[in-house]
1. By DSSP, what percent of the beta bridges with both residues in the stretch 176-335 are antiparallel, rounded to the nearest 5?
2. Can you pull the one-decimal nm distance between simple spin-label points at THR184 and LEU311, each 7 Å off the Cα toward Cβ?
3. Around GLN383, which amide H atoms from residues at least 5 apart in sequence, or from another chain, sit under 5 Å from its own amide H, with H modelled in the peptide plane?
4. Below 14 angstrom from the Cβ of LYS251, what's the summed charge of the other residues (Lys, Arg +1; Asp, Glu -1)?
5. Considering the alpha-carbon set of the stretch 279-350 alone, what are its Rg and its Dmax in angstrom?
6. For the stretch 106-176, with all protein chains present and a 1.4 Å probe, just round the carbon and sulfur fraction of the accessible area to a whole percent.
7. If you build the convex hull over the alpha carbons only and average its shadow over all orientations, what do you get for the stretch 258-321? Give it in nm² to one decimal.
8. Just from the alpha-carbon atoms, what are the Rg and Dmax of the stretch 178-284 in angstroms?
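The values are calculated or read from the model by the stated rules, or taken from the named source; none is laboratory data. This is a predicted model, so every value here is computed, not measured. Neighbour counts run over all protein chains shown; Cβ positions are idealised from the backbone, glycine included. Side chains included, ligands, DNA and RNA excluded: accessible areas come from the protein's heavy atoms. Shrake-Rupley method; radii C 1.70, N 1.55, O 1.52, S 1.80 Å.
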Amino acid sequence: MKLSVTFTLLAAVIPFALAQSPEWGQCGGIGWTGATTCVAGTVCTVQNAYYSQCLPGSASSAPATTPSSPSGPTSTAPPAPSGTGLNALAKVAGKLYFGTATDNGELSDTAYTAILDNNKEFGQITPANSMKWDATEPTRGTFTFSGGDQIANLAKTNGQLLRGHNCVWYNQLPSWVSNGQFTTADLTTVIQNHCSTLVSHYKGQVYSWDVVNEPFNDDGTWRQDVFYNTLGTSYVSIALKAARAADPNAKLYINDYNIEQSGAKATAMLNLVKQLIADGVPIDGVGFQCHFIVGEVPGTFQTVLEQFTALGLEVAITELDIRTTTPASQSALAQQQKDYQTVVQACMNVEKCVGVTVWDFTDKYSWVPSTFSGQGAACPWDQNLVKKPAYNGIVAALTS
Ligand code: G2I
């Protein structure tokens, strides 16, 4: 309340305050049409060609200058981040971030958070569970944001970008949604209300939202869930439009797995985004989850990324991990190092691949062993929070 009163007074006295971006908000970059100055106490900082952000620091009213070439720093840009760390290296390489998923239950582990909170290592975080439908709207019309807020606040404190995950997904739905007997009009309202309320709640805090998650089966057919079965493919545009209206500055993504190799599922995703673009539906990016198996990184990954960026979209690696049989052998860990390097190199080679997110950075908290019996060791840090050879594979790609 106090904040909004203060803002209202300020806005009345200083009209141009309305044209300023908030702390952590976007203030420039290719394609950016919003405010290019920042509120007092923050400075518009060029992160890369596509994204300038209001970071805490000495106040400045000078707009950030978008670099004329994607990798070319300008005189207004701060010196490139130096030192070690995956995010620092990714930024030097012209990427927006290197990030990780995290989950609320992990945040009391101080050895874990000491690494998570280091923004030289991670410049972006994604909540693994706490922004999903079952967590945020467990009963119709009643929203709970405590878990998501904890992660959003952490991102703010740490100076990290936030990816919102997710608005509409067949999984982790409360039963009132998955078992609801909806008319088309009713489910349209349900989706609009959920996406709108969720995205509005985090307005200005989220770099990109996975608005629709995993819409396809592996054979490229549409997943049969309550959304598709009731509304057909239109649920995708209903969700995207609601998200755009709720936070016009957030990048809107569709996110899926097994679209990293050429084939029916990648083709289905390409056709979907082509149709959305043709129909004027807001869509900014496609997320490639990249849940891979050691020794099986698809050789066509970079080509597929380029097929999407050729449509004018950005792409991101959103949930990278590379699993193997446990306990992992030395040779598996050596192959995993090469595989991490290959995957991150594909993003490096594609200008509009904005960043890489691992689906948690340590084997201690990986989702893999509980889903794939006898498999794991999928992350770049081991379960004792010690860096594995995989870490060096990522560094090799980021410094190539
Ligand atoms: O399955 C891996 C990922 C695939 N892409 C979408 C992601 O959202 C998904 O993340 C995982 C989370 O990392 C897991 O933590 O999604 C799983 C559910 O599909 C999450 O697992 C669930 C457990 O299955 C539940 O038993 C548990 O209550 O996490 C829940 C919260 O801890």
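1. Values: 1 of 17 bridges.
Here the antiparallel bridges make up roughly 5 percent for the stretch 176-335.
2. With each label placed 7 Å out from Cα toward Cβ, I get 2.4 nm.
3. ASP363, LYS364
4. Working: positive: ARG163, LYS203, ARG244, LYS352; negative: ASP210, ASP247, ASP284, GLU314.
Neighbourhood net charge equals 0.
5. 14.4, 51
6. 49 percent
7. Numbers: hull surface 16.4 nm².
Computed as one quarter of the Cα hull surface, the answer is 4.1 nm².
8. Rg and Dmax of the stretch 178-284, Cα atoms, are 13.8, 37 Å.
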